[in-house]
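One structure is given here, and the rest of the page talks about it.
The values are calculated or read from the model by the stated rules, or taken from the named source; none is laboratory data. Keep in mind the model is a prediction, meaning the values are calculated, not measured. Note that we place each Cβ from the backbone using ideal geometry, even for glycine, and neighbour counts take in every protein chain shown. We work out accessible area using only protein heavy atoms, side chains counted, and drop any ligands, DNA or RNA first. Shrake-Rupley method; radii C 1.70, N 1.55, O 1.52, S 1.80 Å.
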Amino acid sequence: QFDPGVLTEGDTTYLYTGFCGRGDKSRHGSMMVELEADMLTIKGDMRIVVPGVEYAEGTGFEGHAFFEAPSIRKHGDTYYFVYSSTPMHELCYATSKHPGKDFVFGGVIVSNADMHIDTYKPADKPMYYGANNHGGLEKIGDDYYIFYHRHTNGTVFSRQGMAEKVQILPDGSIPQVE
């Protein structure tokens, strides 16, 4: 388990971790555990919150299963779990009314290859070199932004930090941004 993401509410901190590559059935998905106020003592058992690719069938996460990079935010009464999916170039999100269960796939927030966008090109045509993606959702003033990285120079070793303004619609959905 790596790539930790945390959310603290009151005296409870929720710690999210995970890495789930293709073909590795020993890793079931992103895991969450509650921590005591000292952030060292584990409170309860670890639980899977979003399935990895080997366990995604029949869950609604097919094609967008958890790969790595969990990040958690709360907007209103809804928890937004942002993560890098198995295709790697995407940052996806799932929502729940609880921090550790019942997450439902919401969609792709951003693709660092601009996949799924058909406003200026065919949706299945990548415009950039796509590879792994890490990021998180952050509220600045009254607006939300997705922070992530894209790859430059045609290599996974050259990364450029990016930020795009996103909308959280009244129904809780986040439309994908270019």
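Side notes on the structure shown:
- Cross-link partners of residue 43 among lysines, defined as those whose alpha carbon lies under 24 angstrom from its own and excluding same-chain residues fewer than eight positions apart: 74, 97, 101.
- FRET efficiency, residue 153 to residue 46 (Cβ-Cβ, R0 41 Å, nearest 0.05): 0.60
- If only the Cβ of Lys and Arg carry +1 and only the Cβ of Asp and Glu carry -1, the dipole of the range 1-148 around its Cα centre is close to 220 debye.
- Within the same chain, aspartates and glutamates fewer than 8 places from residue 165 are excluded, and of the rest, those with a Cα less than 13 Å from its Cα are 138, 142, 143, 178.
- Equivalent ellipsoid of the range 112-164: semi-axes from √(5λ) of the C-alpha gyration tensor, largest first, are 21, 17, 7 Å.
- Averaging the sequence gap over all C-alpha pairs within less than 8 Å and six or more residues apart, then dividing by the number of residues, gives the range 20-74 a relative contact order of 35 percent.
- Based on the reciprocal of the average 1/r between different C-alpha atoms, the Kirkwood radius for the range 90-178 equals 14.1 Å.
- Approximate shape of the chain as ellipsoid semi-axes (Cα gyration tensor, √5λ), whole Å, largest first: 26, 19, 16
- Length-normalised contact order of the chain in % [C-alpha pairs under 8 Å, at least 6 apart]: 14
- Note on the chain: dipole from Cβ charges, positive end direction compared against 140, 153, 35; the farthest Cα belongs to 153.
- Exposure ranking of 115, 46 by accessible area [1.4 Å probe, largest first]: 46, 115
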